[in-house]
Amino acid sequence: MLIRSLLGAFAGIILACAIPQAATAQAVPQGVKNIVFVHGAFADGSSWAKVIPLLEAKGYRVTAVQNPLTSLADDVAATKRVLAQQDGPVLLVGHSWGGMVISDAGNDAKVAGLVYVAAVAPDPNQSLGELTKNAPTPGLAKIKADDGFLSLTPEGINEDFAQDLTPTERKVLAATQQPVAAAAFGERIPAVAWKAKPSWYIVAANDHMISPILEQAMAQKIKATTLVLQASHVPMLSQPQRVANFIAEAAKQVPTK
């Protein structure tokens, strides 16, 4: 009886240990497990605040770069510092101006794929200004200059940057927006990562900052797997679940060596 009791207790311990291990195994994502976010102009890393916990719940290791927005080169350098800290292949995600950054920093050997979220996807040796000059939008008219830096007016944030967010959320964006150096919009990058690496693109159909028609054209140009959302310029804040799901699917599909 004693031996039988001991065996039963031992079996119970083994079963109890096996259950959390199985649960942990299910939580480990397949494909790329590291996701790095790059924010756009007039914003900071908190623009990804709604998407980050959704992806972490799926088992991904998520990091948001804090771009200084002082130059394209500075933003690329900040992103590469974060890439150097990752423990394996990375899915690099950029919003808006962040598309310029990931198109350059994405040439890093650790980057396995790129996701553009209402973001610019430049050609080689093309600047943001050159890319958007023939696609004016209402939001671009509401950018103000101050001592070499650009920021969005409150009207621009309310009507053109985040018109599908709540008034409270729009006030937070206005309070946390980070001005960008005007000269950055004239900087070019010599080689773009999307030419060599798989890409995904979220088109924001109600975007008043970057023309949705231009977004569609860029997504087609880079041969990106594309999702169209009825969203403002910040779909990661207005529709975070759909954005997180799209990024997670991209992470699963990215080929790793």
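Some notes on this structure:
- The residue among Val93, Pro68, Leu83 whose Cα reaches farthest toward the positive pole of the charge dipole of region 67-168, with charges on the beta-carbon of Lys, Arg, Asp and Glu, is Leu83.
- Considering only beta bridges that DSSP places wholly inside the chain, some 20 percent are antiparallel.
- Taking amide H positions as modeled 1.01 Å from N, with prolines and chain starts lacking one, the residues under 5 Å from Val228 and 5 or more places away or on another chain are Val203.
- Legend: ranking of residues Phe185, Phe246 from fewest to most surrounding C-beta atoms inside 10 Å; resulting order Phe185, Phe246.
- Dipole moment magnitude, nearest 20 debye, region 127-254 about Cα centre, only Lys, Arg, Asp, Glu C-beta charged: 520
- Whole-number percent relative contact order across the chain, with pairs defined as alpha carbons under 8 Å at least 6 apart: 23
- Charge dipole of the chain about the Cα centre (unit charges at C-beta), most positive-ward option of Val228, Val117, Gln30: Gln30
- Neighbours of Ile247, meaning other residues whose beta-carbon lies under 14 angstrom from its beta-carbon, give a summed charge of +4 when Lys and Arg score +1 and Asp and Glu score -1.
- Ordering of 70-78, 164-172 by packing [mean C-beta count within 10 Å, highest first]: 70-78, 164-172
- Bridgeable lysines around Lys142 (alpha carbons under 27 Å apart, same-chain partners fewer than 8 residues away excluded): Lys50, Lys133, Lys171.
- Size of electric dipole in region 176-241: Cβ of Lys, Arg +1 and of Asp, Glu -1, about Cα centre, debye, nearest 20: 320
- Among Ser103, Ala182, Asn245 the positive-end extreme of the charge dipole of region 32-253 (Cβ point charges): Asn245
- Computed magnitude of the charge dipole of the chain (debye, nearest 20; Cβ of K, R +1, Cβ of D, E -1): 1020
- Residues His95, His39, arranged from fewest to most other Cβ atoms within 10 angstrom of their Cβ, appear as His39, His95.
- Set against the labelled values (i) 1.05; (ii) 1.25; (iii) 1.16, Cα Rg over 2.2 N^0.38 Å computed from this structure falls on (iii).
Throughout, read-outs are computed from the coordinates displayed, never taken from laboratory work. Since this is a predicted model, take the numbers as computed values, not measurements. So basically every Cβ, Gly included, is an ideal-geometry build from the backbone, and we count neighbours across all protein chains shown.
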